[in-house]
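Notes for the one structure printed next.
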Amino acid sequence: MWPSCFAPKGECLRPVLPLPLAAAPAAPSACLALSRRVDVRLVPALSEERSWDVLRQLRICWPSGSGVSALTDAISALKAALGRCPCAAACEQGPGTAEGVICKVHLKSFVEQQGLLGYDPNLDVLLVTERILRSLAELQEAVLQCPCPFLLAGQSSCCSIVHVVNCEEEFQQQQLDVLWRILDPGAHTALQKHLVCGPVKVMNPSSPIGADQYFQLRKRQMYEASVIKYGELAQDEAWTEVIDTLTVAAIRFEMLSTAHRSQITLDLENNSISTKGTKSGAFVMYNCARLATLFNTFQRAVEQGTYPPLPPVSELNFSCLREEGEWLLLFNYLLPFPEVLQQAAQLPPPSKGIRITANTETVSAMCHGIHWCCSSSPSPGQSSMPAGAAHQ
């Protein structure tokens, strides 16, 4: 399954690709520095310990920027660049002026002069604060730490920057993008793109629910579903680890089942979670376990000499597949699956505008389709293991 990452955004979660990011003018941004590898940085670092707790529960390890003291020189350099910038002007301190404003920068004129496409037409004047400059310094640090080991002689060592941001904070992230282009002109800032995530909503919430509460709810539901399937479970560390792993996988599947640009609507009123639900992450996890058991059993039988090992694909006897369902499974799922994975993992090439998409929901849809085929009861005369018949 395609891996996903989560971050708390206020009281909700969203995966990356996609993932949610909170904001103020300097919005936390997942900066994916793309050369031929991907590095993810959380900028700026989360300040609340409970946010880090949620990420740890979801087995997410996001590196963040250095401490403020380590960025002093970079922030000073950005201030110096502001002093030389023709788009910047002094900001008169008055009763309505926000505290800590260094100057104001005319973003709109820069966007028009450079002919930049795809930016919000309401981008105008940005009041630059120390916090915004610190975020830019952290982004610069992320780029400098992005290795480009595969560059050929004569190639410039630049990478593409993808800001993964919640739709509610898209405007603020565009402000940060344009300011970075102004103060740090170069190939890396010119290649900035934005992957925008839709909101996460809870159906008819009786009270506000946070990311930690959501995780605990899904964990309890996963435990109850396992009890129904396997009976009362021992309260030991092994089973706790299994339930935690299944919970994380089910949450990731649930989030990735919706296109990142669309709204996710969570129904938390239904207190049950079934391994047979057609849209349930638990359904896919259960069938993954079933298939893994079948493969492990077959491999042990091969080692014991009961069955011959599977031959190369070129030597398979596909005439053994006689049922329509067997061919549908082969052509609709097994053969195209590697291509679907590859396409979901690739961000589109640079194009006009600043928005890009990542089609991770196609992987969830295909995983569900595969497991639905594998779990369906075979009709009379149909093999219960259609994909395995071909090696006979």
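Of all the residues that make up region 300-327, how many are farther than 28 Å from residue 253 by Cα, in a helix (DSSP H, G or I) and open to solvent by 80 Å² or more (accessible area, probe 1.4 Å)?
6
Suppose we keep only residues that are under 24 Å from the mean Cα position of the chain (by Cα) and free of Cβ contacts under 8 Å to residues at least 40 places away in the same chain within region 169-193. Which one would you say is least open to solvent (accessible area, probe 1.4 Å)?
189
Could you list all residues from region 257-282 that are modelled with pLDDT under 80, buried (at least 20 other Cβ atoms within 10 Å of the Cβ) and under 21 Å from the mean Cα position of the chain (by Cα)?
Answer for region 257-282, where residues must be modelled with pLDDT under 80, buried (at least 20 other Cβ atoms within 10 Å of the Cβ) and under 21 Å from the mean Cα position of the chain (by Cα): 280, 281, 282.
Determine the pairs where a residue that is touching a residue at least 40 places away in the same chain (Cβ under 8 Å), located within region 112-133, has a partner that is open to solvent by 30 Å² or more (accessible area, probe 1.4 Å) and of a type in the set (D, E, K, R) with Cβ atoms under 6 Å apart, the partner being 6 or more residues away or on another chain.
Going by the 6 Å Cβ cut-off, the qualifying pairs are 117/352; 123/108; 127/104.
Look through region 345-392, keep the residues that are at pLDDT 80 or above, among the small types (Gly, Ala, Ser) and surrounded by 17 or more Cβ atoms within 10 Å (Cβ to Cβ), and return whichever of them is nearest to the chain's Cα centre (by Cα).
By that ranking, first place goes to 358.
Suppose we filter region 283-293 for residues that are β-branched (Val, Ile, Thr) and open to solvent by 40 Å² or more (accessible area, probe 1.4 Å); how many remain?
Within region 283-293, residues that are β-branched (Val, Ile, Thr) and open to solvent by 40 Å² or more (accessible area, probe 1.4 Å) number 1.
Return yes when residue 296 is over 20 Å from the mean Cα position of the chain (by Cα), modelled with pLDDT of 85 or more and loosely packed, with under 13 Cβ neighbours inside 10 Å and no when it is not.
Yes, satisfied.
The values are calculated or read from the model by the stated rules, or taken from the named source; none is laboratory data. All values reported here derive from a predicted model rather than from experimental measurement. Every residue, glycine as well, gets a Cβ built from its backbone with ideal geometry; the counts of neighbours run over all protein chains shown. We work out accessible area using only protein heavy atoms, side chains counted, and drop any ligands, DNA or RNA first. Shrake-Rupley method; radii C 1.70, N 1.55, O 1.52, S 1.80 Å.
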